[in-house]
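The values are calculated or read from the model by the stated rules, or taken from the named source; none is laboratory data. Being a predicted model, the structure only gives us computed values, none of them experimental. Ideal geometry is used to build each Cβ from the backbone, glycine not excepted, and the neighbour counts take in all protein chains shown. Remember, those area values only see protein heavy atoms, side chains included, never the ligands or the DNA or RNA. Shrake-Rupley method; radii C 1.70, N 1.55, O 1.52, S 1.80 Å.
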Amino acid sequence: MGYSGLGSTQINAFMGRFSAGSSSPQATAAAMPTSGDANNDAPPIKVEIYSRRFCADSMRAKGLLDRKRVQYNEYLIDNDHLNNSAMVQRSNGRTATPQIFVAARHLGGFSELMELESAGELDGMLGIRARGGAA
């Protein structure tokens, strides 16, 4: 309907901007989704995932991002021809889901996401600082 392509997190963040009673740029930026640690001073990295409601690989990809506490924009394309077309165009003709983009760069699907995770490269792409360290 009116919020096509927005996940509940993004809708709540968007609606929260208006209930806060402020139209300042700081209030707008604070309500926008981010990736990585809350203490990270780096600018937010935009993560987008095109998925289908009952796609197992989409669920796995979102589960991995959720475990890493990465916020993302999800575009459910089941009955959304506009976002489906956008996905196919942005992913150079790929029609399978999920299709994942980080900072507007096409990563591919769940397999490619897991390859990056296994190689230890995913956290850096998502702007997640190494946790822990010497005490």
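When the residues Asp123, Asp80 are ordered by accessible surface, computed with a 1.4 Å probe over the protein chains alone, the sequence from largest down reads Asp123, Asp80.
Note on exposure: Asp57, Asp66 ranked by accessible area (1.4 Å probe, complete protein assembly) read Asp66, Asp57, with the most exposed listed first.
Close amide-amide hydrogen proximity is noted between Leu107 and Ile100, Phe101, Val102, each under 5 Å apart and 5 or more residues distant or on a separate chain (H modeled in the peptide plane; Pro and chain starts excluded). Here the calculated FRET efficiency for Met59 and Gln89, from their Cβ-Cβ distance with R0 = 25 Å, stands at 0.55, rounded to the nearest 0.05.
Net charge of the neighbourhood of Met59, taken over other residues with C-beta under 13 Å away and scored Lys/Arg +1, Asp/Glu -1, is +2.
Ordering Met59, Met114, Met87 by accessible surface, largest first, gives Met59, Met114, Met87; the 1.4 Å probe counts only protein heavy atoms, with every chain in place.
Working out 0.36 nm times the residue gap between Glu121 and Ala96, then minus their Cα-Cα distance, what length gain in nm do you get to one decimal? This chain segment gains 6.7 nm when fully extended. Once all protein chains are placed together, Arg105 keeps about 130 Å² accessible to a 1.4 angstrom probe.
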